[in-house]
Amino acid sequence: MLGFGDPVADAIGLLRPRTVLEPSLRAAGEWALRFDAFPHVKVGGVVRGRCWLTIDGHEPVLLEEGDTYLLGNPPPYVMASSLEARPRPAKPLWEGPTAGVVSIGPDVEQHTYLCGGHLAFDERNVSVLTDFLPPLVVVRAADPRGRHLAYLIEMLASEVEASAPGGSLAMNHLAQILLVHMLRAHASQADRPTGWLRALDEDGVGAALRAMHADVAHPWTLTELAQVSHMSRSVFAQAFKNQVGVPPLEYLIRWRISLASDALAHDSSSISELAQATGYLSESAFSTAFRRVVGSSPAQFRNQARQTLRSTANGG
């Protein structure tokens, strides 16, 4: 997998996301559930009702009907009907849902209904996405994107309850579409942190990023990238580092090595073919760059990655 030319699609494809849909939650009365910390990303939404979401170390957030949320590598957190409710562990309830739904409280018409799941990523490249995500991104129902996201959440909830043929495939795609829309929403927020997703909104630096992803094998120079961005070399170099967090050629090296790492683990291309595909003039130049970033040679990395995959496939 050597990229699509779309940085967001490239990153998500590189991460090889696996969607784990959780039971939906139907809750009424006074309730509160405490969830353990977990890696990577969780997406969800309030299909009906409202609830409080409190992440350890952060201010509580009231989620209303139609709101959608994304949790990035969050510490433990609580979802509750009120801030006064005493939390109980969520894990035991999640082990025995009925028809994909966990129910709390009386069976009344006025209740809260939540749906969501988490996305697990390839550990080798997970920092491509998670390093710049905050613990919580919320898209309100009143936001222009909110209506589309709420519809995706409702479709996800329907798939969880239906258990119909092809449901796992549909849920996986819906969760990934939801992730893309949440990333777009995060990128558009005024207080978002630095990172390549933010830079895509900028005409200058974003143009350079798209060019690198569109032709990763091209021998890009700082001068060429500055020209693509319609900036001088010095202005471009500073703007790129300010927005993305690393110098442009360092970003290019890291992206090339991320792609090569994924290919070494999953594809049959030779090391010389990968060197050429990722913009290196020789196998030795590629190996030197790879060792500097990863800490091992491409051959060593491939052997270890294949052993890990075989062990995982055998349940080891």
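Please treat every number below as a calculation from the coordinates, not as lab data. In this text the structure is predicted, and so the values were computed from the model without any measurement. Cβ atoms come from the backbone with ideal geometry, glycine included; neighbour counts cover every protein chain shown.
Values for this structure:
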{"read-out": "Calculated Rg and Dmax of the Cα atoms in Å (choose from [x] 18.2, 64; [y] 20.6, 67; [z] 21.9, 69), label", "value": "[z]"}
{"read-out": "D (Stokes-Einstein, µm²/s), Kirkwood Cα radius, the range 9-69, 0.692 mPa s at 37 °C", "value": "234 µm²/s"}
{"read-out": "Packing-based ranking, highest mean first, of 119-131, 64-76, 295-307 given that Cβ atoms within 10 Å are counted", "value": "64-76, 119-131, 295-307"}
{"read-out": "For the range 197-311, convex hull volume per residue from C-alpha positions, Å³", "value": "105 Å³"}
{"read-out": "Built amide H within the under 5 Å cut-off of R88, gap 5+", "value": "A32, L33, R34"}
{"read-out": "Mean residue ellipticity (222 nm) of the chain, computed from DSSP H runs ≥ 4 via -39,500 (n - 2.57), nearest 500", "value": "-14000 deg cm²/dmol"}
{"read-out": "Charge dipole magnitude, Cβ of K and R +1, D and E -1 - the chain, Cα centre, debye nearest 20", "value": "680 debye"}
{"read-out": "Scaled radius of gyration (Cα, divided by 2.2 N^0.38 Å) that the range 7-188 gives", "value": "0.98"}
{"read-out": "Only Lys, Arg (+1) and Asp, Glu (-1) charged, at Cβ; the range 7-188 dipole about Cα centre in debye", "value": "180 debye"}
{"read-out": "DSSP H segments from the chain that extend 15 Å or more along their own axis, Cα-based, with Kyte-Doolittle mean of -0.5 or above", "value": "146-162, 167-188, 203-214, 233-244, 248-266, 283-294"}
{"read-out": "Mean-position separation - Cα centroids, the range 1-71 and the range 112-188, in angstrom", "value": "7 Å"}
